[in-house]
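Single-structure report; data block below.
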Amino acid sequence: MGAFDFLNSKKDSPIQPVLPEQVYQVAEMQLKDIIAPSALGIQPKMLSLGTSVLRSYFVISYPRFLNDGWLSPIINLDKVFDISLQVIPLDTSKVMKDFQRKVAEVESQIMNREEKGMVRDPSLDVAYKDLEDLRDGLIQAQEKMFDVSLYFSIYGENEDEINKAENEIRTILESRMVYVKPALFQQDDAFLSIIPLQTDVLQIKNKMNTSPLSSFFPFVSFDLSSDRGILYGINRHNGSLVLFDRFSLENYNSIIFAKSGSGKSYATKLEILRTLMFDTEVIIIDPEKEYEYLAESVGGRYFDISLTSEHHINPFDLPHPTEEESPSEILRSNIVNLVGLFRVMLGGLTPEEDAIIDQALSETYALKDISGDTDFTNMEPPLLSDFETVLAGIDGSEDLQQKLSKYTKGTWAGFINQPSNVDINKKLVCFSIRDMEDELKAVAMYIITHYIWNAIRKNIKRRLLVVDEAWIMMKNDDTASFLFGLAKRGRKYYLGLATITQDVGDFLKSPYGLPIITNSSIQVLLKQSPSSIDQIQQIFSLTDEEKFLLLESNVGEGIFFAGLKHVAIKIVASYTEDQIITSDPSQLLKIKEMKEEIKEAKTV
């Protein structure tokens, strides 16, 4: 039987003139002929459908209890398959009559066993209790009964591929005590029951009440697409678009975990480029100088923070108080943050040193006539050298002065002992710390994020703060605590925090690592290394299939989480976007050569 005949089941008829009212019917037949497969072969165990083969199955039994979302692992498998769930409501009055008879049968069996002195059968007791509970639910209209049919078809290029997929699906379902059978010698009927023709030729039904039936709906999305937002990538399962707006979620934070070279910076730069088109300001902390070309391309500012840089940030700068904050609150909060900074700079503080620094900070601000009772909006803030001068007049501060001297007089003197001269009044601002000594990178990231936080509080705008290689900040409790504070408080100031890291172990060693993850509404997992995958699986509650997907993913592929939904994603960019955001050294070299050629041509 041909495919067209199979779908229409019509006999040949002699050619007759086409009447006007038959034109629509002819067009309908031609459309079906177009969408029908080129060939159809029916075999006992499968169908040959064009160049593919498929095998259909039906569920024959379920356990006593079905957990919510038990079907989710099947829906999220990286396989090509169709699922058909057919639910037919039953007349409660007729169902009640059957129940009365069934309850009487079970009760009779229990009584007969008791009369014969036989041991109680727990299965009969459980069945009797279940029937009684269900009957009560039906009488009180809390439950309804349905005929439920669950069928699915697996597609593949050959029989071996289908057998492999079948074993995988059987393992998942049977672990939940759900059992399936292939529709032997009924593959054509099963196929007609699964495709959307509103027919159930197989008629394999299980009676089920409302509660377990609700568990069939997994409440997970095979698609992850919003009516607004930016394009994050392509759904690897079905080719749909993954569109989302981070600012529509409960918080605006995201986190990306990926091994080196798996495309995490590429994905981040692509999001930045697309986010800029939605009137969002972006601020980046760049440890590897990867965002310089992006900043230049979009007309942003790029600050190189190092010991020899001309760009400086004074950590003693004070933010402007908002309407809800008093000057005393601002000053006290800044002193607390500065104490944390000195803990990072000096490698920790004893309780005595902590108290001395706290006292010296208050006196340093007082030296510039700054106190909690004054309007310090236009006042010049002190410098680190002013703090050193005040510290010298406090007893017991000799060790602190000695440690601090390298920041004021030694090799690190040009780093923070200068007035601030950076302006972040641009749509995109990037701070690079690549040329900063490794010992000072955590200090630099703390100072930069603190400066950014003060600027953000000054005026509320839609902003995204990107912290790349965040594991650097997670190595120290004070910097990690500050980063966690940004994640918790950012929403109040319309700020989204994007945290990117490749070192999962260092990130999670910090007590603030897991709270930062749980405070991120968007989570992206790209290709992972075997050494960290088990830890990732435990934290994100991944199935074994998702675990292996992350191990086998190519560059730019992984899993995208948004709230309770997640899909397998592939990051894609247009040619123009790729030229701006690429991290490929060969492409970057070509771009550099082109820029030099253009520069020489202009000179000539």
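Looking at Lys264 and the list (1) touching a residue at least 40 places away in the same chain (Cβ under 8 Å); (2) charged (D, E, K, R); (3) under 22 Å from Asn421 (Cα atoms), which single condition is not satisfied?
(3)
Arg434 - would you say it is part of a loop (DSSP other than H, G, I, E, B), of a type in the set (D, E, K, R) and not assigned by TED's automatic domain parsing to the domain that holds Ile330?
Yes, satisfied.
Any idea which residue in segment 456-485 is farthest from the chain's Cα centre (by Cα), counting only those that are of a type in the set (D, E, K, R) and in a helix (DSSP H, G or I)? I'd like the intermediate steps shown before the answer.
In the first step, residues of segment 456-485 are kept if they are of a type in the set (D, E, K, R); the result is 457-458, 461-463, 468-469, 475, 477-478.
Now narrow it down to the ones that are in a helix (DSSP H, G or I): 457-458, 477-478.
Details: Arg457: 27, Lys458: 30, Asp477: 25, Asp478: 27 Å.
Looking at the filtered set, the residue picked out is Lys458.
Sort out which residues of segment 61-107 are within 19 Å of Lys205 (Cα to Cα), aromatic (Phe, Trp, Tyr) and either assigned to a strand (DSSP E or B) or not assigned by TED's automatic domain parsing to the domain that holds Val180 (or both), and write them in order of number.
If the condition is that a residue be within 19 Å of Lys205 (Cα to Cα), aromatic (Phe, Trp, Tyr) and either assigned to a strand (DSSP E or B) or not assigned by TED's automatic domain parsing to the domain that holds Val180 (or both), then Phe99 is the only one that fits.
Is it fair to say Val344 is aliphatic (A, V, I, L, M) and in contact with a Lys or Arg (Cβ under 8 Å, 6 or more places away or on another chain)?
no
Matching residues to (1) surrounded by 10 or more Cβ atoms within 10 Å (Cβ to Cβ); (2) in contact with a helix residue (DSSP H, G or I) (Cβ under 6 Å, 6 or more places away or on another chain):
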site	(1), (2)
Phe81	yes, no
Gln86	yes, no
Ser93	no, no
Phe99	yes, yes
Ile110	yes, yes
Glu115	no, no
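Going by what's in this entry, would Gly261 be described as within 25 Å of Trp471 (Cβ to Cβ), surrounded by fewer than 21 Cβ atoms within 10 Å (Cβ to Cβ) and within 21 Å of the chain's Cα centre (by Cα)?
yes
Mind telling me which of the residues Ile195, Ile172, Ile162 ends up being of a type in the set (A, V, I, L, M), out of contact with any helix residue (DSSP H, G or I) (no Cβ under 7 Å at 6 or more places or on another chain) and within 30 Å of Glu143 (Cα to Cα)?
Just a single option satisfies the conditions, and that option is Ile195.
Looking at (1) touching a strand residue (DSSP E or B) at 6+ places or on another chain (Cβ under 9 Å); (2) surrounded by 20 or more Cβ atoms within 10 Å (Cβ to Cβ); (3) outside any loop (DSSP other than H, G, I, E, B), can you tell me which one Leu331 breaks?
Here Leu331 clears every test but (1).
Looking at Arg463, is it touching a Pro at 6+ places or on another chain (Cβ under 9 Å), closer than 18 Å to Glu281 by Cβ and surrounded by 16 or more Cβ atoms within 10 Å (Cβ to Cβ)?
no
I'm trying to understand the selection: among the residues of segment 496-524, which are more than 18 Å from the chain's Cα centre (by Cα) and not in a helix (DSSP H, G or I)?
Ser510, Pro511, Tyr512
A quick yes/no check of all residues on (1) touching a Lys or Arg at 6+ places or on another chain (Cβ under 6 Å); (2) closer than 15 Å to Met345 by Cα; (3) among the polar types (S, T, N, Q):
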{"site": "Asn421", "(1), (2), (3)": "no, no, yes"}
{"site": "Asn425", "(1), (2), (3)": "no, no, yes"}
{"site": "Ser432", "(1), (2), (3)": "yes, no, yes"}
{"site": "Ile452", "(1), (2), (3)": "no, no, no"}
{"site": "Arg457", "(1), (2), (3)": "no, no, no"}
{"site": "Leu483", "(1), (2), (3)": "no, no, no"}
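Out of Glu281, Glu324, Glu353, Glu292, I need the residue that is surrounded by 13 or more Cβ atoms within 10 Å (Cβ to Cβ), charged (D, E, K, R) and not assigned by TED's automatic domain parsing to the domain that holds Ile472. Which one?
Testing whether each residue is surrounded by 13 or more Cβ atoms within 10 Å (Cβ to Cβ), charged (D, E, K, R) and not assigned by TED's automatic domain parsing to the domain that holds Ile472 leaves just Glu353.
Across segment 212-269, what is the number of residues that are more than 17 Å from Ala573 (Cβ to Cβ), aliphatic (A, V, I, L, M) and at pLDDT 75 or above?
Qualifying residue count, segment 212-269: 3.
The values are calculated or read from the model by the stated rules, or taken from the named source; none is laboratory data. Computed from a predicted structure; not experimentally measured. Positions of Cβ are generated from backbone atoms using ideal geometry, with glycine treated the same way; all protein chains shown enter the neighbour counts.
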